[in-house]
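Structure record follows, encoded as structure tokens.
Computed from the coordinates by the stated procedures, all read-outs in this text should not be read as laboratory data. Fair warning: this is a prediction, and the values are worked out from it, not measured in the lab. When we count neighbours, we look across all protein chains shown, and the Cβ atoms used for this are built from the backbone with ideal geometry, even at glycine.
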Amino acid sequence: MTKDTNKGDRMNQAVAHKKKRSFWRLMVMTIVLFAGAVVVMQLIEQAGNDGRVEAGDKAPNFKLVTLDGTTLHERANYQGEGMLLNFWGTFCTPCKKEMPIVQENYAALQDMGVDFWAVNVGETPLRVDNFLNGLGVKLDYPILMDTKSEVEKAYGIYNLPVTFVIDKEGNIIEKYEGELTKEKLMELAEKSL
Amino acid sequence: MEWIDWSSRMLFIAFIFYAVSTVLFTIAVSGMRKDGNVNRVAYGKYAYLLAIIGFASQLTYFFMRWAGVGYAPVSNLYEYTTFFGMMMVVGFLVVYGIYKNDVLGLFAMPVALLVIAFASMFSSEVAPLIPALNSVWLKIHVTTAALGQGILAISFASGLIFLLNETSMKEQSKSRTWLEVTMFTLMCVLGFILVSMLFKGIGSGGVVEFTNDRGQTESYEYLMPILFVPEGAQLLSGASGLSLELPNWINTLKLNTLVWSIIGGAVIYVLLRFVILRKRVAEALQPLAKKVDLDLADEISYRSVAIGLPVFILGGLIFAMIWAQIAWNRFWGWDPKEVWALITMLTYVYYLHMRIQRGWTGTRAAWLCVGGFGIIMFNLVFVNLVIAGLHSYA
Amino acid sequence: MLDMKYDGADIRSKRRPKSWIDRVWSFFASVKVGLWLIGLIIVGSAIGTIFPQEMYIPQQLPPSQYYAQEYGTPGTIYYSLGFHNLYTSWWYITLIVMLTLSLIVASIDRLVPLYKALKHQPVRRTERFMKGQRLIGQGPGTEAQIDELESALKKKRYRVTRDGDALLAEKHRFGRWGPYVNHLGLVIFFIGAMLRVFPAFHTDTLEWVREGDTVSLEATDGEYYLRNDQFILEMYDPENNEEDAKFAAAIEKAGAVPKNYETELTLFKKVGTNEDGSPQLEQVTSGSTKVNHPFTFDKYEVYQEQYSSRPEFLAMSFTIADQESGDTYGPFTVDLENPETTYDLDGVEVTLKDLYPDFQVKDGQPDTKSPRALNPAFFFNVTSPEGETESNLIGIRLNVADEDNRYKVQFAGTEMASTSGLRVKSDSTYPILIIGGTIFMIGIIMGMYWPHRRVWVRKGEGTDVLVSGFTNKNPSSLRREVSPLLEKTGLPIWEDQAKFESKPDDDTQHERGES
């Protein structure tokens, strides 16, 4: 009898041992593979994300004054529906070309509840003032002076002109690099709503 | 300038000693005197002694040049390759010290000679050290890595001995074919050296100008007769030769040199095989390799890897990472040179696991040693000259 | 011959697998699989060096165009297969992860039985066991000779244990743990490397700081500020510096060579905020960063990484010469970043009408190429006390004014500033990487330079004595070490059971199992 019991005990012990071993084996493999999967996912997510603001990001906040130095515009305090946030410079030819087009359609944009903010990248008010005087068209939309290039840096601007389409909640819907035509402008405005 | 002139002389003297040492090893192994009374042991001893004297001369070169340039002379291809040749000699001296085998000298010394001769094809001009290289880690990282590679190179020499000994030359086999390919590759290195010297002597290059992909005007200065030029190239000076036009993304200057080296190698090979030896080069070497017992050849190549790999890992990967962190602010950046150092390590790791865990000894192990050396040379020559990266100095 | 890999002990994964867990486990425990993974990693890594990776190509062109333009059709294929970012591709990382798993599983699978087998090894082994070793000898011998061998082996630093007439001598057992130690080091290193993927473990930003400017360091979350006091670019100067004279020939050929890039800097800590919203700063320390000598503070490192090749103008000074009277007015200084528009110089009034920071003429009009003050030009109106106004356009090597102008604008001085590109980094995985790397190296040295060697001796049938030896690395070395001792004591000399046979005309491939 005792012999049989011993045998049974040993069998049970062996089975228990094996179960325990299987458990640990599974744990080790699962942990490593899971960690690996997390790393791969993280890499895929980071791919192409180089710190520049892209579609899908939240628009970084900023406070800038207009060219005449009278009004302070803060991104987070914007009350309208959608917004087109444009970056430009006097040295950029397509920027110069698109400005009269924006001006022509600015009233229509405002009717839609979409504002157009044009941020100048790091130039002096003197230069910008001269440039706008030479444009031949008076612009009604706000020209914001980023004299220290801080906003430019925050948005990671490389090419000009660039226009960010921002919705009411402050999310970036699209980043459009290139000159605006009337059609493109209206299309982007639609998207911001 | 004094120091540098003297250092060059010392290097030349070292080269002569190595060459004489090789000849003595050959006599020791083959017993070239017809009366059969060659005292092999004594010849081997003298050969070893000459190798040591050669090494001492080269060491003198190294420190003299150091005194002359003001930094450890391992900063460009000329200096590094020379140093690598010296480390091969060190590897040989150590392994010979253990095994006292003359056949190893017969195979290891010519390879070291070839490496040093190859080094002298690069510009030996004294160049200022750029800030990124100006660090104590230059000496620590480069010398350790070169020492590791030098010892690993001995496993190539000994693996080659094994293969020459073991491969049947009477029947067609993969080993026989690849051995001949290995011989031909070595001939091409020799071909490069001889062709460079020849054309330098007669000055038959030329200069062409062309517009590159980025629209800039670039010029290539050919030192060898021109075979290939980029599309739309204009000859500014020299003879035009064949001047085959190739797409712009191919560097025709390098291709030109490569093709000339192969031509040179082929000429030497054909002369050896069909005029002088009248048999396969490997077949001609076989009787010499037969003087070593297979077990010993196999063991020497294993021991060289066992000793050399840790040194290489320390110098070529660990010290390299520490320096890369300090100089380039990242310890690993997937630069081609780094990647090929990793591949070198992985190849020998593969060799060790195959050998110890899966019983790969003999032929297959010897081929892995030959391949490992091929990768080391690839990293030295090809990655520096062809694949552009952070390490392409010179 | 006996399979001695784990000292004849049962390898866990070699038992017949029962469940799927065991099957997966034994897959990863297999050396064959590990070696396949190494082979694939070798091939994959090599492919990544055919053309430069995306991070090394110039930024002017998008990669999609760059590879096609620079390398033709092969470049296009390379790009479309994603090889331009090979080392962070999902399949490459997957290979590394699988290799890591293989390292862990194979090590656990072998270490446990090996440890047990070596811990409890009998001194007296069976004849079958001894004859299964690579080195084996058999012949007449006495117990006295075995005693003699014992003391000889002890002199060779063997640890000898006896069991009557049986003898076990052992050396460097700890070398046997080398592979496991280095695998452990590698796994730790991989853990460190993988943690680096997550932004929380390291910060890394490039800060462009102009001389004189103070910037908030993004990497420190605005806790620290850095001021660029001076950027130093030193070139080798063979003409004036005796030490550099030897480089004259090389410099003549290759052009000027930089000797040193260095930024002298001052570190500030933000201690509060002023009423106007600006940060209240307290100086912490000052120092410099140059290539190969990063500046460190707190847990951060500042590397001299880049500099702008052209310094920018901060301010320019001018004087006005009255060509009628010979009087000079001024100087006055125009701050290029924040220019005043009028300057009153003893009755002569200068008005800055326009300022082109990077002057060019476009379509016949003065214009600027960029917002950076690289080549400034100024449009001044000079009004005399009598109220007459003259125009001047003045820049570097440029002075457009009317021939018979009364006032002449002249340069009186410039203030310039270079810009340093400083890399600010912190990385909390360094300790893990250093520990992992060190353990790895220790393991390799342990494993490669300390071969485990064992010698067994026992009496066999009749007067026969059996002598056998085992080593995990190189049997010939063991043979060379112990054979002379056997010879001296007169015990049977052992032979290697697995020698290559050299047959001149035999083309069979020589392979032997190293057990």
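Can you give me the Cα centroid spacing of the range C:297-358 and the range C:123-193 in angstrom? Computed from Cα coordinates, the inter-centre distance equals 83 Å. The order of the peptides A:25-37, B:163-175 by mean Cβ neighbours within 10 Å, most packed first, is B:163-175, A:25-37. Here's how it looks for residue A:65: its modeled amide H is under 5 Å from those of A:73, A:145, which are all 5 or more places away or on a different chain. Shielding value for C:49-56 is 5, the average number of Cβ atoms from other chains within 10 Å of each residue's Cβ.
Tell me the angle of helix C:20-29 to the major Cα principal axis of chain C, expressed in degrees between 0 and 90 and rounded to the nearest ten. Computed tilt is about 80 degrees.
Against the globular-protein guess of 2.2 N^0.38 Å, express the Cα radius of gyration of the protein assembly as shown as a ratio, rounded to two decimals. Computed over Cα atoms of the protein assembly as shown, the ratio equals 1.19.
Computed from the Cβ-Cβ distance with R0 of 30 Å, the FRET efficiency linking residue A:153 to residue C:384 stands at 0.10.
Projecting label points 7 angstrom from Cα along Cα→Cβ for residue A:79 and residue B:276 puts them 9.5 nm apart.
The alpha-carbon of residue C:154 sits under 27 angstrom from the alpha-carbons of these lysines, leaving out residues fewer than 8 places away in its chain: C:5, C:116, C:119, C:131, C:171, C:459, C:473, C:488.
Assuming R0 = 41 Å, can you tell me the calculated FRET efficiency for the pair residue B:170 and residue A:18, based on Cβ-Cβ distance, to the nearest 0.05?
Calculated transfer efficiency: 0.10.
Put a dot 7 Å past the Cα of residue C:163, heading toward its Cβ, do the same for residue B:212, and the two dots end up 7.4 nm apart.
Highest GNM mean-square fluctuation among B:150, B:215, B:333, for chain B modelled with Cα contacts below 10 Å: B:215.
Might you report the magnitude of the Cβ-based charge dipole of the range A:26-93 about its Cα centre, with Lys and Arg at +1 and Asp and Glu at -1, to the nearest 20 debye? List each step's numbers first, then the result.
On the way: 4 positive and 7 negative charges, 22 e Å.
Magnitude of the dipole: close to 100 debye.
Each 10 Å bin from zero up to the one holding the largest Cα-Cα distance in chain B carries the following percent of pairs: 5, 21, 30, 27, 14, 3, 0, 0.
Given the range C:228-333, what whole percent of its Cα pairs are spread farther than 18 Å? Beyond 18 Å sits 71 percent of the P(r) for the range C:228-333. Here is the short version for the protein assembly as shown: B:188, B:369 have no other Cys C-beta closer than 4.7 Å. Using Cα positions and a limit of under 19 Å, work out the lysines in reach of residue A:191, with same-chain residues fewer than 8 apart set aside. Answer for residue A:191, where 19 Å is the Cα cut-off: A:58, A:168, A:175, A:182, listed by chain and number. This model, with +1 at the C-beta of Lys and Arg and -1 at the C-beta of Asp and Glu, gives the range C:312-416 a dipole about its Cα centre of some 520 debye.
Look at the stretch B:285-295: the mean tally of other chain Cβ atoms within 10 Å of its residues' Cβ atoms is 2.
A straight Cα-to-Cα reach below 20 Å connects residue B:200 with the aspartates and glutamates B:125, B:221, residues fewer than 8 places away in its own chain not being considered.
Efficiency by 1/(1 + (r/R0)^6): what FRET value for residue A:97 and residue A:34, r their Cβ-Cβ distance, R0 = 56 Å, to the nearest 0.05? My answer for the efficiency is 0.55. The GNM of chain B, with springs linking C-alpha atoms under 10 angstrom apart, assigns the highest mean-square fluctuation among B:351, B:222, B:80 to B:222.
Could you tell me which of rounded, prolate or oblate describes the range B:102-226, using a ≥ b ≥ c as the square roots of the eigenvalues of the alpha-carbon gyration tensor, with rounded for a/c under 1.5 and, failing that, prolate when a/b is larger than b/c and oblate otherwise? Judged from the Cα gyration tensor, the range B:102-226 comes out oblate (a/c at least 1.5, b/c at or above a/b). Note the angle between two axes, namely the Cα long axis of helix B:336-358 and the longest principal axis of the Cα atoms of chain B, as a number of degrees from 0 to 90, rounded to the nearest 10. Roughly 20 degrees, rounded to the nearest 10.
Rounding to the nearest 20 debye, state how big the charge dipole of the protein assembly as shown is about its Cα centre with +1 on each Lys and Arg Cβ and -1 on each Asp and Glu Cβ. Show your work: numbers first, answer last.
Numbers: 105 positive and 121 negative charges, 2184 e Å.
Result for the protein assembly as shown is approximately 10480 debye, rounded to the nearest 20.
For the segment C:28-37, counting C-beta atoms of other chains within 10 Å of every residue's C-beta and taking the mean gives 3.
Over the C-alpha trace of the range B:187-279, radius of gyration and Dmax come out as 15.2, 53 angstrom.
Normalised by residue number, the volume inside the convex hull of the Cα atoms of the range C:312-416 is 95 Å³ per residue. Considering only B:210, B:266, B:222, the residue lying farthest towards the positive end of the dipole of the range B:187-279 is B:266, judged by Cα position with unit charges set on Cβ. Going by neighbour counts of Cβ atoms within 10 Å, the residues C:123, B:189 line up, fewest first, as C:123, B:189. With neighbours defined as other Cβ atoms within 10 Å of a residue's Cβ, the residues A:92, B:188, B:369 order from fewest to most as A:92, B:188, B:369.
Per-residue ellipticity at 222 nm, computed for the protein assembly as shown from helices alone with -39500 (n - 2.57) per DSSP H run of at least four residues, works out to -15500 deg cm²/dmol.
Residues of the range A:134-159 falling in the label zone of residue A:71, defined by backbone nitrogen less than 15 Å from a point 7 Å along Cα to beta-carbon, are A:139-145. For residue C:286, the amide hydrogen comes within under 5 Å of the amide hydrogens of C:267, counting only partners 5 or more places away or on other chains and with H modelled in the peptide plane.
If you wrap the tightest convex hull around every Cα atom of the range A:63-192 and split its volume per residue, you get 98 Å³. How big is the gap, in Å, between the Cα center of the range B:256-275 and the Cα center of the range C:389-436? One Cα centre to the other: 58 Å.
Each label point was placed 7 Å from the Cα along the Cα-to-Cβ direction; for residue C:120 and residue C:464 their separation is 3.0 nm. Across every direction, the projection of the convex hull enclosing the Cα atoms of chain C has a mean area of 44.8 nm².
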